[in-house]
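Just below is one structure, and these are the notes that go with it.
No value in this document is a laboratory result; all are computed from the given coordinates. Predicted model, so just to flag it, every value in this text is computed and none were measured. Cβ sites come from the backbone with ideal geometry, for glycine too, and all protein chains shown count toward neighbours.
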Amino acid sequence: MAIQVALLGAGRIGKVHAKAVAATEGATVVAVADAFPEAASALAETYGARVSSIDEIASAQDVDAVIICTPTDTHADLIEQFVRAGKAVFCEKPIDLSLDRVKSCLATVEEAGGTLMLGFNRRFDPHFQAVREAIDEGRIGEVEMVQITSRDPGAPPPAYIQSSGGIFRDMTIHDFDMARFLLREEVTTVYATASVLVDPEIGKLGDYDSAMVVLTTASGKQCSISNSRRATYGYDQRIEVHGSKGAVTAENQRPIAIEVATEQGYVKPPLHDFFMTRYTEAYAAEIASFVKAIESKVAPHPNGDDGLKALALAEAALKSVAERRAVGMDEI
């Protein structure tokens with residue numbers, strides 16, 4: 001029997017997840033809810049699903065799981081509603097912008113015995129997964145240093161900045177999760193610097209567009225993160241992990257992976273210019289993992305605790321920038 005999934009939110013990311021569900025063996029989209037009826041109807045028609053309200057989906061007997069793609073300020077309430085209704089929940093990050101609200105939401109999930117997976121899709125990127133596999137297999141020895149470069153081609157509009165929670169909660173949070181994924185130890189200290197170098201309007205909204213972060217674990221392992229809202233050459237996504245016996249690197253990806261050599265030199269095609277195309281495989285793989293977890297009745301990963309810890313690192317980074325000092329995670 002197929003896992004029957006409802007989509008909450010029919011926008012850009014909702015469409016991506018609907019496509020992933022449809023491509024996953026043993027899963028099907030049965031219902032779509034969205035504040036904009038036309039968007040819900042269009043997505044539902046594409047996948048042979050019905051348009052329903054949030055409450056109708058919560059009480060529906062033919063819905064096993066929901067994928068939450070709604071605005072951030074609705075996530076925690078929806079997670080609580082659907083775990084209480086006995087549905088497995090996949091939610092885009094973050095659960096909320098408040099640590100206290102995230103903690104109370106996770107307490108509800110635990111009390112209800114609910115299933116919750118969080119959308120840190122980069123863990124499912126095949127290139128980044130191969131990096132983790134090289135670490136797990138001991139091919140580079142003990143991890144000592146991690147370098148993560150994550151730069152967007154351009155800054156989002158001011159309206160997005162205002163509701164996003166800022167660069168650390170919105171953008172760097174993916175890198176905080178990846179740092180934990182690769183270090184395999186919890187971070188104890190965060191030191192961050194941030195500037196407005198790309199767009200003065202971002203600064204007027206109280207945010208930053210350029211940031212550097214150094215994370216340190218109790219054993220002394222380190223991770224450096226470089227973020228920018230401007231990379232004129234494309235979507236810049238690179239990782240290097242240095243270990244006691246060597247190093248492993250995931251380079252930037254291109255839609256066309258060729259290199260032309262002439263007397264003028266070596267030329268490669270441009271990088272991906274959008275996260276939706278760069279991480280297409282990752283989005284599909286994370287939904288397949290969610291469905292498999294439901295079928296196998298095992299706890300999915302990344303989970304709510306991963307979301308909480310990534311958000312706590314974002315809070316530490318903000319505190320570090322404000323106070324111009326290293327911040328211990330025991331302060332957050």
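For segment 27-90, take N as its residue count and report Rg(C-alpha) divided by 2.2 N^0.38 Å.
Numbers: Rg = 11.2 Å, N = 64, 2.2 N^0.38 = 10.7 Å.
Compared with the compact-globule rule of thumb, segment 27-90 sits at 1.05.
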*asked:* Over 26 Å between Cα atoms: which of LYS19/LYS297; LYS204/LYS319; LYS93/LYS297; LYS15/LYS204 fall into that group?
replied: LYS15/LYS204
*Which angle between 0 and 90 degrees, to the nearest 10, do you get for helix 72-84 versus the longest principal axis of the chain when only C-alpha atoms count?*
50 degrees
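Using helices alone, I'd like the mean residue ellipticity at 222 nm for the chain: each DSSP H run of four-plus residues gives -39500 (n - 2.57), total over residue count, nearest 500. Before the final figure, lay out the partial values.
Working: 13 runs with 136 residues, N = 332.
Helix contribution divided over all residues of the chain: -12000 deg cm²/dmol.
Computed over the Cα atoms of segment 3-114, what is the convex hull's projected area averaged over all directions, in nm²? Kindly include the intermediate steps, with their values, before the conclusion.
On the way: hull surface 25.5 nm².
Answer in nm², one decimal: 6.4.
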*In debye, nearest 20, what is the charge dipole magnitude of segment 3-114 about its Cα centre with +1 on Lys and Arg Cβ and -1 on Asp and Glu Cβ, if you could check?*
280 debye
*asked:* Can you give me the angle between helix 99-112 and the longest principal axis of the chain, using Cα atoms only, in degrees from 0 to 90, rounded to the nearest 10?
replied: 40 degrees
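What is the chain's relative contact order, in percent, from Cα pairs under 8 angstrom and six or more apart in sequence?
Working: 670 pairs, mean separation 65.7, N = 332.
Relative contact order, the chain: 20 percent.
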*So which lysines can LYS245 reach, going by Cα to Cα under 30 Å and dropping same-chain residues fewer than 8 places off?*
LYS221, LYS309
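Would you please name the GluC sites (Glu not before Pro) within segment 1-89 that are DSSP coil residues with at most 16 other C-beta atoms within 10 Å of their C-beta? Please report the intermediate quantities before stating the final value.
Numbers: sites: GLU25, GLU38, GLU45, GLU56, GLU80; in loops: GLU25.
Listed in order of number, the matching sites are GLU25.
Using the Kirkwood formula over every pair of different C-alpha atoms, what hydrodynamic radius in Å results for segment 276-317?
Details: mean 1/r = 0.0837 Å⁻¹.
Its Kirkwood hydrodynamic radius stands at 12.0 Å.
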*Crossing angle, helix 280-296 versus the chain [Cα axis fit, 0-90 degrees, rounded to tens]*: 50 degrees
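Among 140-151, 283-294, 261-272, what's the highest-first ranking by average C-beta atoms within 10 angstrom per residue? Write down the numbers at each step before the final one.
Details: 140-151: 18.3, 283-294: 21.2, 261-272: 10.3.
Averaged packing, sorted descending, gives the order 283-294, 140-151, 261-272.
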